[in-house]
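Shown next, in structure tokens, is the structure this report addresses.
Where a number appears in this text, it was derived from the coordinates with a stated rule and is not lab data. Because the structure is a prediction, the values reported are computed rather than measured. Quick reminder, even Gly has a Cβ in these numbers, built from the backbone with ideal geometry, and neighbours come from all protein chains shown.
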Amino acid sequence: MPQLLAENYDFKELVANLITEDDEPVDNLFSERQQRLLAGSLYASWKPTNQDTGELLKFIAASNVGVFSSVYQSPIVPDVFLSMDVEFQKDWLMKEHRAYFIWEFDKPPDVAIEIVSNTKGGEISKKKNRYAQIDITYYVVFDPFRALSSEKLRVFERGFGKRYVERKDFDLPDVGLSLTLWQGEFEGWTDEWLRWVDTDGNLILTGNERAERLADKLRELGVNPQQI
């Protein structure tokens with residue numbers, strides 16, 4: 001925190017006056033499901049580890065949560081974000097912990113994902129510039145309805161001068177993940193979804209998918225999973 005700010009203002013009072021929730025609804029059913037698929041599958045199946053120590057890494061994956069870079073600027077609200085090596089505060093219901101305050105976590109999120117519904121969001125203009133300014137490493141634009149271009153999926157990586165360079169692939173090497181477009185069923189809805197994949201190209205499974213695979217293995221062993 002800048003020294004001038006700490007000396008002249010009550011920082012907690014400034015945070016208390018921030019609007020961290022505005023109760024705006026999600027714009028469409030597909031986006032809402034897609035957001036839950038991305039965030040939920042990481043918590044269900046992803047176990048990132050420190051390559052040097054082998055210890056599990058903590059992370060936060062969230063949807064529609066404000067990311068604040070300053071108490072003097074309005075937040076930017078990714079449809080989904082992922083931040084590595086951080087964890088929620090235990091008293092996360094307190095006002096000063098309800099949003100993603102970059103000064104509190106001491107780092108911006110590593111990945112921000114926007115799901116495009118129309119041409120009004122500025123996903124490849126003002127939003128992209130804002131994410132670059134707050135040092136988010138990877139910016140992902142998923143355009144399922146092709147509202148912006150013929151490309152459904154674009155991945156940008158922050159380069160020099162806080163500018164994004166578009167990647168030729170969908171890899172996010174600094175977080176050990178990649179992305180793919182996957183045709184299949186999620187919660188009874190068959191469509192083309194944006195999914196995480198690991199470094200070996202395996203889908204990061206949802207909780208239901210993990211349960212189904214376990215049930216299949218039990219059946220192979222002659223065990224009825226419904227009798228367990």
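So the values come out like this:
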read-out: Hits in segment 140-166 (condition: on the phi > 0 side of the Ramachandran plot and surrounded by 10 or more Cβ atoms within 10 Å (Cβ to Cβ)); value: 146, 162
read-out: Given (1) of a type outside the set (Phe, Trp, Tyr); (2) within 29 Å of residue 69 (Cβ to Cβ); (3) touching a residue at least 60 places away in the same chain (Cβ under 8 Å), number of the condition residue 187 does not satisfy; value: (2)
read-out: Residue check, residue 77 among the β-branched types (Val, Ile, Thr), in contact with a Phe, Trp or Tyr (Cβ under 8 Å, 6 or more places away or on another chain) and closer than 18 Å to residue 133 by Cα; value: no
read-out: Residue in segment 114-132 that is surrounded by fewer than 18 Cβ atoms within 10 Å (Cβ to Cβ) and either in contact with a Leu (Cβ under 8 Å, 6 or more places away or on another chain) or closer than 18 Å to residue 198 by Cα (or both) present; value: yes
read-out: Only listed residue being over 22 Å from residue 33 (Cα atoms) and of a type outside the set (Asp, Glu), chosen from 224, 202, 208; value: 224
read-out: Breaking point among (1) over 25 Å from residue 170 (Cβ atoms); (2) out of contact with any Phe, Trp or Tyr (no Cβ under 7 Å at 6 or more places or on another chain), for residue 121; value: (1)
read-out: Flag if residue 161 is out of contact with any Ser or Thr (no Cβ under 6 Å at 6 or more places or on another chain), within 21 Å of residue 31 (Cβ to Cβ) and small (Gly, Ala, Ser); value: no
read-out: Output for segment 167-177, where each listed residue is crowded, with 18+ Cβ neighbours inside 10 Å and closer than 25 Å to residue 191 by Cα; value: 172, 177
read-out: Hits in segment 46-99 (condition: of a type in the set (Lys, Arg) and not in a loop (DSSP other than H, G, I, E, B)); value: 95
read-out: Members of segment 204-218 that are exposed (fewer than 13 other Cβ atoms within 10 Å of the Cβ) and in contact with a helix residue (DSSP H, G or I) (Cβ under 6 Å, 6 or more places away or on another chain); value: 207
read-out: Close pairs from segment 32-50: first surrounded by fewer than 17 Cβ atoms within 10 Å (Cβ to Cβ), partner part of a loop (DSSP other than H, G, I, E, B) and of a type in the set (Val, Ile, Thr), Cβ under 6 Å, at least 6 apart; value: 32/26; 44/206
